[in-house]
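Beneath this line is the structure, given in structure tokens, with notes to follow.
The values are calculated or read from the model by the stated rules, or taken from the named source; none is laboratory data. Note that this is a predicted model, so its numbers are computed, not measured. Glycine gets a Cβ as well: all are built from the backbone with ideal geometry, and neighbour counts include every protein chain shown. The area values use the complete protein model at the heavy-atom level, side chains included, leaving out ligands, DNA and RNA. Shrake-Rupley method; radii C 1.70, N 1.55, O 1.52, S 1.80 Å.
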Amino acid sequence: MRVGGRAEWLLEPANPEELVRAWNAARELGITPRILGGGANLVIEDGVLEGVVIATSRLRYILRPAAGEDPSGEWTRTPESLQHTPPPADDRRLVAWCGATIPGLVRAATELGWSGLEGLAGVPGQIGGATAMNAGGRWGDFWDVVESVRVLDCDSGVVRDLPRAECRPSYRDGGMRGFVVLGTVVRLAPGAKHEVQARVSEYLQTKRRVQPVTEWSAGCIFKNPDPSKSGGRSAGKLVEDCGGKQLSRGDAVVSSLHGNFIVNRGHASAADVFTLIEDLRDLVREKSGVDLSVEVKVWRSSDR
Ligand SMILES: Cc1cc2nc3c(=O)[nH]c(=O)nc-3n(C[C@H](O)[C@H](O)[C@H](O)COP(=O)(O)OP(=O)(O)OC[C@H]3O[C@@H](n4cnc5c(N)ncnc54)[C@H](O)[C@@H]3O)c2cc1C
């Protein structure tokens with residue numbers, strides 16, 4: 001969303017092993033780092049954010065498990081080395097390191113003609129963020145295709161592979177509290193390439209029509225409320241019905257396309273965004289009685 005200040009420390013590990021070492025080194029100094037993916041669902045306060053931020057953007061490989069290989073094995077190979085060990089055609093798994101982008105994984109699956117990720121078309125960010133947030137929408141959620149997740153246990157500093165059955169993902173929450181996602185194995189379904197491509201194009205077109213995808217935003221600000229309390233209305237519809245689309249604070253404005261998006265017109269501060277979020281919550285509570293809860297993640301120095 002291009003608001004907020006600077007990190008006191010920013011570490012950019014080049015592979016999962018470096019991330020683990022960086023995490024454990026910070027913990028030995030008594031610091032719990034924050035993990036930054038693509039920043040597509042995040043608002044960071046103005047000024048200097050104290051502590052350590054570990055950015056995952058260099059951990060961007062997408063691999064196919066080699067013939068007979070358990071993808072929970074070492075993930076240190078590069079795509080180049082895989083050219084010599086072609087995987088079996090019926091193994092439709094992809095291993096995505098946490099910094100692989102969501103559009104990159106959707107593209108890889110589409111090129112292979114594999115189905116299951118089309119619903120993520122047009123969602124920005126990285127696989128670590130998609131796993132932690134259970135990114136998705138009306139055409140499905142990321143966790144629908146997750147087979148296992150390689151995580152770093154935040155307290156013990158130990159790396160583990162969590163099978164799907166051990167995880168409890170829910171709406172916009174991958175249930176990854178207490179873990180750093182190092183990478184995710186997805187299992188996709190056979191499909192016809194032209195059909196997968198057609199679905200991706202259709203969903204992208206729809207998203208471009210209804211969301212401000214080319215503007216600076218952090219995605220949906222609020223979670224959709226329980227339909228029984230909101231009369232079936234989404235958070236965006238509630239904001240719109242309550243007159244919230246007219247609200248702004250500085251350069252932070254509610255999108256005219258979608259009531260659940262705040263966009264930065266150019267010079268908004270994080271403080272503008274935080275104030276506008278509270279204004280919208282107050283307005284919706286007052287006019288409809290619904291208490292909206294915030295989906296977007298907020299980072300402040302005082303949280304640590
Ligand atoms: C235009 C636009 C459209 C969007 N549309 C959608 C949509 O349709 N559906 C949807 O669900 N979302 C949508 N989003 C929100 C966003 O794309 C998703 O939430 C995405 O999964 C965020 O990924 P990220 O890597 O950017 O995460 P970040 O914003 O970097 O981080 C989000 C949270 O995940 C944590 N996190 C990140 N990486 C890791 C990791 N490796 N391990 C543990 N925790 C981690 C962070 O600490 C933070 O708490 C949209 C955003 C924009 C800007």
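Go from 0 up to the bin containing the longest alpha carbon distance in the stretch 214-303, width 10 Å each, and give me the % of pairs per bin.
The percentages, shortest bin first, are 18, 53, 25, 4.
What is the stretch 6-55 by shape, rounded, prolate or oblate, if you read a ≥ b ≥ c off the alpha carbon gyration tensor as root eigenvalues and call it rounded for a/c under 1.5, prolate for a/b larger than b/c, and oblate otherwise?
Oblate, because a/c is 1.5 or more while a/b does not exceed b/c.
Read phi for every residue in the stretch 167-183 and hand back ³J(HN,Hα) as whole Hz from Karplus 6.51 cos²θ - 1.76 cosθ + 1.60, θ = phi - 60°, with x for Gly and Pro.
Values per residue, Gly and Pro as x: 9, 10, x, 9, 4, 6, 8, x, x, 9, 4, x, 10, 9, 7, 8, x Hz.
Return the whole-Å distance between the Cα centroid of the stretch 238-304 and the Cα centroid of the stretch 138-172.
30 Å
To test your reading of the geometry: what angle, between 0 and 90 degrees and rounded to tens, separates the Cα axis of helix 102-112 from the longest principal axis of the chain?
Long axis of 102-112 versus the principal axis of the chain: about 50 degrees.
For a test of understanding, tell me how many lysine pairs in the chain have Cα atoms under 25 Å apart, given they are 8 or more places apart or on different chains.
Qualifying lysine pairs in the chain: 18.
How large a share of the accessible area of the chain, in percent, is made up of carbon and sulfur atoms when the probe is 1.4 Å and the other protein chains stay in place?
So the carbon and sulfur contribution to the accessible surface is 48 percent.
Would you mind working out the accessible area per residue for the stretch 175-230, using a 1.4 Å probe, and quoting it in Å²?
Accessible area per residue, the stretch 175-230: 55 Å².
For labels at Glu147 and Asp91 in the simple 7 Å Cα→Cβ model, what's the distance in nm?
0.8 nm
Fully extended, how many nm does the chain gain between Asp241 and Ser228 (0.36 nm per residue separation, minus their Cα-Cα distance)?
3.0 nm
For the chain, what is the per residue volume of the convex hull drawn over the alpha-carbon atoms, in cubic angstrom?
136 Å³
Quick one: grab the alpha carbon gyration tensor of the stretch 62-195, order the square roots of its eigenvalues as a ≥ b ≥ c, and give me rounded if a/c is under 1.5, else prolate or oblate depending on whether a/b is larger than b/c.
Oblate, because a/c is 1.5 or more while a/b does not exceed b/c.
Solvent-accessible area of Tyr171, probe 1.4 Å, all protein chains present, reported in Å² to the nearest ten, please.
90 Å²
Considering only protein heavy atoms, what is the solvent-accessible area of Arg300 at a probe of 1.4 Å, reported in Å² to the nearest 10?
90 Å²
Quick one: angle between helix 270-288 and the longest Cα principal axis of the chain, in degrees between 0 and 90, rounded to 10, please.
Rounded to the nearest ten degrees, it is 70.
FRET efficiency for Arg164 and Lys207, Cβ-Cβ distance as r, R0 = 30 Å, nearest 0.05?
Result of the calculation: an efficiency of 0.65.
Could you tell me how many degrees, from 0 to 90 and to the nearest 10, lie between the Cα long axis of helix 193-210 and the main elongation axis, the longest principal axis, of the Cα atoms of the chain?
Helix 193-210 and the main axis of the chain meet at about 20 degrees.
Could you sort 186-199, 245-258 so that the peptide with the highest average Cβ count within 10 Å comes first and the rest follow in order?
Packing proxy ranking, top to bottom: 245-258, 186-199.
Might you report the magnitude of the Cβ-based charge dipole of the chain about its Cα centre, with Lys and Arg at +1 and Asp and Glu at -1, to the nearest 20 debye?
600 debye
Under 5 Å between amide hydrogens, which residues at least 5 positions from Leu59 or on another chain qualify, with H placed 1.01 Å from N in the peptide plane?
Placed amide hydrogens put Gly99 under 5 Å from Leu59.
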